[in-house]
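Note sheet for the following structure.
The values are calculated or read from the model by the stated rules, or taken from the named source; none is laboratory data. Please read these numbers as outputs of a predicted model, since none were measured by experiment. All Cβ positions, even for glycine, are placed from backbone atoms using ideal geometry, and neighbour counts span all protein chains on display. SASA here: full protein model, heavy atoms, side chains in, ligands and nucleic acids out. Shrake-Rupley method; radii C 1.70, N 1.55, O 1.52, S 1.80 Å.
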Amino acid sequence: MSTLVMKFGGTSMAGIERIRAVAQRVARARAEGHAVAVVVSAMAGETDRLVGLCREASPLAEPAEYDVVVSSGEQVTTGLLAIALNAMGVPARSFLGWQLPIRTSDTHGTARIRAIGTDALRHAMASGTVAVVPGFQGVTAEGRVTTLGRGGSDTSAVALAAALRAQRCDIYTDVEGVFTTDPRIVPRARRLARITYEEMLELASVGAKVLQTRSVELAMKERVPVRVLSSFTDGPGTLVTGEDEIVEQELIAGVAYDRNEAKVTVVGVPDRPGVVAAIFAPLAEAHINVDMIVQNVAHDRPITDVTFTVPRTELARARTALEAHQAAIGFERLLTDEKVVKVSVVGVGMRSHSGVAVTMFRALAERGINIQAITTSEIRISVLIAEEYLELAVRVLHSAYGLDAPQ
């Protein structure tokens, strides 16, 4: 009997009727002969409500107690789904994170899974019982409840699939799979039948919200096939798998964007060895991630400018960190711009094809879209542009790489 892990997100669990619909899907999978473990998120909006209660109680809530509160939403949906399954005549049992246990690091709020106990799960599933497990939560070696960060239920599901050596991990969301870009911007975006782990990881890291980045990293490391499906419609979804499992590989898999970008320009930086390290050291100490970096070349003056991007939500902290070290760095002033976005094209085909970058740059130039910064990886090219051109840029690039679905 093959083992299948099914994960359902918040929109899938948003109310009793939706939970009953989930129970029906689980029952069908069990009837097909699978041993089934289900990972669930809290009801849509519930985690935000619990976070709000914590902040109302104290703006600086103690992290361990904060995790106790915000992890409770998953406990509710775990029990409700088990109740719904049993009411349908499908034997089911809930297992909370501490009962398995799901062992994690002790970094509350962003804990990482270390190990998952599977003995109780295997025993239940071998007898035909559906095991229902809460996503997002775990427990430290000392027995304290932890949470894995936003989107952590995806990681819980993949980790459980790896621990159980499952045939596949099916992740049910509110979309029908992974698309070549956001269908709200490009109605002719295509659903991809398959996509590589690397491509999905890059897309997730540059703005695609289908899967949490850590879940894709874990799936790639453990070679867990992941299928992205819709909770609301039946369909084949998208299989995330190894590159060797994809016979016909497209040049570009998709176009993604990220609105959470802000540009910082450090003006009048002394052009001498060590000054760039002096700029980024305070940001590193403040745990602020830096993305794109551009340094102007100094010609006739002994000063230069350094431009980089940070998450828009971290801009105020970044400015504060740099201004506190202005005298030591020796820069003249800071310029910031929040009205920028990052647009990226991703595809493993870049490894073996030339001209991918020039296609991007030419397509944007023909529409008068100026590129403010560029960053690349082996299978990704990202550009920073003015926010007002976001939708135009996505549509233009989608067409330039031949990703539009036929009419």
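Annotations
- Solvent exposure of the stretch 282-407 as accessible area per residue, Å², 1.4 Å probe: 52
- Summary of packing: across the peptides 69-79, 177-187, the per-residue average of other C-beta atoms within 10 Å ranks them, highest first, as 69-79, 177-187.
- Cα gyration tensor, the stretch 27-143 - rounded (a/c under 1.5), prolate or oblate: oblate
- Lysine pairs in the chain whose alpha-carbon atoms fall under 28 angstrom of each other, counting only those eight or more residues apart or on distinct chains, come to 9.
- Against the empirical 2.2 N^0.38 Å (N residues), the stretch 192-324 has a Cα radius of gyration ratio of 1.43.
- Largest-first principal axis extents, alpha carbons of the stretch 70-209, Å: 46, 39, 27
- Of T146, A400, V348, farthest towards positive along the dipole that unit charges on Lys, Arg, Asp, Glu beta carbons give the chain: T146
- Over the chain, relative contact order from alpha-carbon pairs under 8 Å, at least 6 apart, %: 14
- Neighbourhood net charge (10 Å Cβ-Cβ; Lys/Arg +1, Asp/Glu -1) for Q212: +1
- Across the accessible surface of the chain, with the other protein chains kept in place and a 1.4 Å probe, carbon and sulfur atoms take up 50 percent.
- Amide hydrogen neighbours beyond the local backbone of I381, cut-off 5 Å, H modeled: V345
- Taken along its principal axes, the alpha carbon cloud of the chain reaches lengths of 79, 54, 33 Å, longest axis first.
- A Cβ-based charge dipole, computed about the Cα centre of the stretch 154-226 with Lys and Arg at +1 and Asp and Glu at -1, lands at about 180 debye.
- With the alpha-carbon atoms of the stretch 1-74 aligned to their principal axes, the span from lowest to highest coordinate is 49, 24, 11 Å, starting with the largest.
- Sum of side-chain charges, S58 neighbourhood, beta-carbon under 15 Å (Lys, Arg +1; Asp, Glu -1): -3
- Heavy-atom surface of the stretch 1-116, accessible at 1.4 Å and reported per residue (Å²): 47
- Note that the stretch 157-227 presents 41 Å² accessible area per residue, ligands and nucleic acids not counted, probe 1.4 Å.
- Folded to 0 to 90 degrees: helix 72-87 orientation relative to the chain principal axis, Cα: 40
- In whole angstrom, the stretch 83-129 maps to an equivalent ellipsoid with semi-axes of 27, 13, 6, each derived as √(5λ) from the alpha carbon gyration tensor and ordered largest first.
- With 10 Å bins from 0: P(r) over the stretch 133-251, alpha-carbon pairs, percent: 14, 44, 31, 9, 2, 0
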